[in-house]
1. Go through the stretch 54-70 and give me each residue that's surrounded by 15 or more Cβ atoms within 10 Å (Cβ to Cβ) and either under 13 Å from residue 93 (Cβ atoms) or in contact with a helix residue (DSSP H, G or I) (Cβ under 9 Å, 6 or more places away or on another chain) (or both).
2. Quick test for you: out of 23, 49, pick the one residue that is aliphatic (A, V, I, L, M), on the phi < 0 side of the Ramachandran plot, surrounded by 13 or more Cβ atoms within 10 Å (Cβ to Cβ) and more than 9 Å from the chain's Cα centre (by Cα).
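The numbers here are math on the coordinates, done by the rules we state, and not lab data. Quick caveat: nothing in here was measured; it's all calculated off a predicted structure. As a convention, Cβ positions derive from the backbone with ideal geometry for all residues, glycine included, and neighbour counts pool all protein chains shown.
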Amino acid sequence: QAHLVQSGGGLVQAGGSLRVTCAASESTVTAYRMAWYRQAPGMQRELVASIGADGTTNYADSVKGRFTISMNNALNTVYLQMNSLKPEDTAVYYCNADWYGILGVSWGQGTQVTVSA
């Protein structure tokens, strides 16, 4: 199975910035779509940002203008740059990949992001 290993996250103050990283065991050029989800306590997991094989990005309304998803195919790595963080951004963030062919779908292990008021 393909796997995704996340790094980054942690505790930041409101208004601060943080970057989470997702390193894939497979070439990211074989991903139809890669994405970041998050899940806060008592909430459903929600799609935060995605990037397609053609580079097209999409963002949840709650993070538009503040978060940026990017992908480095040379490093098989996806990033989520989070700026102007708010306490409501506090959640466990999960990397997700939808692969071409038989690899299916992969999830990262989750990374805690906590934003203090």
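1. 60, 63, 66, 67, 69
2. Working: 49 fails: more than 9 Å from the chain's Cα centre (by Cα).
Exactly one residue qualifies, and that residue is 23.
Conditions tested, residue by residue: (1) outside any strand (DSSP E or B); (2) in contact with a Gly (Cβ under 6 Å, 6 or more places away or on another chain); (3) of a type outside the set (D, E, K, R); (4) in contact (Cβ under 8 Å) with a residue 12 or more places away in the chain.
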{"residue": "29", "(1), (2), (3), (4)": "yes, no, yes, yes"}
{"residue": "47", "(1), (2), (3), (4)": "no, no, yes, yes"}
{"residue": "63", "(1), (2), (3), (4)": "yes, no, yes, yes"}
{"residue": "92", "(1), (2), (3), (4)": "no, yes, yes, yes"}
{"residue": "97", "(1), (2), (3), (4)": "no, no, yes, yes"}
{"residue": "102", "(1), (2), (3), (4)": "yes, no, yes, no"}
